[in-house]
């Protein structure tokens, strides 16, 4: 496959200083899969690649497939912000992929790739929803096999014999039809499952098979993933000295910045655990620098947290610790604005930041913390803010304290006041999920992560106390946002000026 230069936009190329490196790194897998699934012929893939020059009128379906491929690469480069932007663009005009029998496969391919991205982003319920959409629209046998494989591989729990047989059957199918991208991926995925079950010998066998295929066919992303996992296998086996040497050697051979950040973070994590805070900080700072320079948003928070922890606990430098904790928190919140769930390592980063603030709370940090948490609120009026706060406060206690009487007890809130508040929210279109179901899902609408963290920081306060605190903190925040102008503050929050004057006397009491 040729003519790949000038095809990735500037945003995607942010993850490497070398022109076209990113596309060349991912091309064999990302474009090859389009041919191996039967979505596009080799000739059409060449046409797709040629569209980067803009020399001919674009085919809308091919343009959409190009965006899907870019989005996939952006996600694999850790640039989730750009990936989400591209997937959203495709979603807005998704019918372009569903025009005629041939293009219907393109629609299935989009659902399939979007599901995989969402799963990697830890939005598992959405991932399975789009896998179901892919399954409902699929016609070709190859895509059917791929979708069935993804349903199987994404199931959590112990790998049973029946599932193992299906896994091996999938590998045989991919081999038979020369679907080498999927064959390599399936061996790698099976190795990961064996690692989870502590069956390390079988894991190593499938890692070797996957690595051989990846090298043979030039699947560089998979190759580096496999090599990184081999180092993790040494850590699991408590061969830490070997693992450090392995990752240091691997670092010298890796040109892709995404994998550099992962390796650097892994080294920082291992050396922090070993008690070498100085070297751990050096690796963490290097990981942070690359992440920030090349828009690798997925890795920034974890490295920032290690830097924050070292300055906090080892160097006792609270100012620098705060700076790095805040860097990690900011990276997570930026992703959250794009719909990326705060879970896994991202949730750990938020928890570390909040715990740090709780430990060293009062003082100037309180205002800085609220500026981060309240950033969502700049365009809202006071009624909207109070409604969202009450909804998120109840939601927080439902999820962490308990439904019903436990929440009322924690907030010291009379049942009549509680029902009045929730009924008021319902009358304004803000309804609560059914928490008595086992499979309750929290809709993203009206869920504000900043208010969840605010509720967590003040979880010991009663209903009266936290409402008083919220009013004080939110008005202080908007007073600053409105350039310390109370008339402007009253106008933008849609409150009476006389009321604002009375409620904000504490802000100017020293004048």
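Overview of results
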item	result
Two-site FRET efficiency, residue 178 against residue 241, from Cβ-Cβ distance with R₀ of 41 Å, rounded to 0.05	0.45
Tensor-based shape of the range 377-507 (alpha-carbon gyration tensor, a/c under 1.5 rounded, otherwise prolate or oblate)	prolate
Between helix 345-359 and the chain: long-axis angle, C-alpha atoms, 0 to 90°, nearest 10	30
On Cα atoms only, tilt of 415-427 relative to the major axis of the chain in degrees	60
With Cα atoms, 0 to 90° folded angle of helix 101-120 axis to the chain main axis	60
Global geometry of the range 106-264, whether rounded, prolate or oblate, following the gyration tensor of its Cα atoms and the 1.5 cut on a/c	prolate
Efficiency of FRET between residue 136 and residue 431 - r from beta-carbon atoms, R0 35 angstrom, step 0.05	0.80
Fewest-first sequence of 374, 109 by Cβ atoms within 10 Å of each Cβ	374, 109
Fewest-first ranking of 457, 129, using other Cβ atoms within 10 Å as the exposure measure	129, 457
Computed label-point distance, nm, for sites residue 63 and residue 162 using a 7 Å Cα→Cβ extension	4.8
Within the chain, helix-based [θ] at 222 nm, where runs of 4 or more DSSP H residues each add -39,500 (n - 2.57), nearest 500	-22500 deg cm²/dmol
Mean separation of Cα contacts under 8 Å, 6 or more apart, over the residue count of the range 377-507: relative contact order %	30
Anisotropy class of the range 217-322 from Cα gyration tensor, a/c 1.5 cut	oblate
The chain, relative contact order in percent, only Cα pairs under 8 angstrom and at least six apart counted	10
For 202, 249, order by how many other beta-carbon atoms lie within 10 Å, fewest first	249, 202
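Coordinate-derived values only; no laboratory data. If you're wondering where the values come from, they're calculated on a predicted model, not measured in any experiment. Here Cβ is always computed from backbone atoms with ideal geometry, including for glycine, and neighbour counts include all displayed protein chains.
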